[in-house]
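**Q** One structure coming up, written as structure tokens, with questions to follow.
The values are calculated or read from the model by the stated rules, or taken from the named source; none is laboratory data. Fair warning: this is a prediction, and the values are worked out from it, not measured in the lab. For neighbour counting, all protein chains shown are included, and Cβ atoms are generated from backbone atoms with ideal geometry for every residue, glycine included.
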């Protein structure tokens, strides 16, 4: 597996642990609909979050969350719409970014709620 794929998987694993510690139940990982993918779908009470996880090994080129562009946000929202209808979800939804920075001796996680609409 390529290094960037391993880093991405590590970031997703860290994001899952973080969200679970915050009381979220992970419903799906890497949910796909057509060309769109949602990294994590999690639920807490009557709220579902659709989370884009961005992982970087440093901040030299910017923070991880800065790499979520409008095209990616639109794709996540499109896949989320499909998921909502498929599950007949009738409650609140939110779109978040979980930014993970993996450093040699620590992992930093920044959870950005309502990152895009």
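**Q** Being touching a helix residue (DSSP H, G or I) at 6+ places or on another chain (Cβ under 6 Å), in contact (Cβ under 8 Å) with a residue 12 or more places away in the chain and assigned to a strand (DSSP E or B), is that true of even one residue in region 90-98?
**A** yes
**Q** Another question, then. Would you check if residue 12 is surrounded by 13 or more Cβ atoms within 10 Å (Cβ to Cβ), part of a helix (DSSP H, G or I) and at pLDDT below 95?
**A** No; evaluated as a whole, the condition is false for this residue.
**Q** A further question on this structure: Among the residues of region 58-82, count how many are under 19 Å from residue 14 (Cα atoms), in contact (Cβ under 8 Å) with a residue 24 or more places away in the chain and part of a helix (DSSP H, G or I).
**A** 2
**Q** Can I ask one more? In region 99-112, which residues are within 12 Å of the chain's Cα centre (by Cα) and free of Cβ contacts under 8 Å to residues at least 60 places away in the same chain? Break it down into steps so the answer makes sense when it comes.
**A** Going residue by residue through region 99-112, those that are within 12 Å of the chain's Cα centre (by Cα) are 99-100, 109-112.
Answer for region 99-112, where residues must be within 12 Å of the chain's Cα centre (by Cα) and free of Cβ contacts under 8 Å to residues at least 60 places away in the same chain: 99, 110, 112.
**Q** Next up: If I ask for residues that are out of contact with any strand residue (DSSP E or B) (no Cβ under 8 Å at 6 or more places or on another chain), surrounded by fewer than 17 Cβ atoms within 10 Å (Cβ to Cβ) and part of a strand (DSSP E or B), which ones from region 33-53 would you list?
**A** 33
**Q** Filtering region 57-71 down to residues that are in contact with a helix residue (DSSP H, G or I) (Cβ under 9 Å, 6 or more places away or on another chain) and surrounded by fewer than 22 Cβ atoms within 10 Å (Cβ to Cβ), which residue is nearest to residue 7 (Cα to Cα)?
**A** Looking at the filtered set, the residue picked out is 57.
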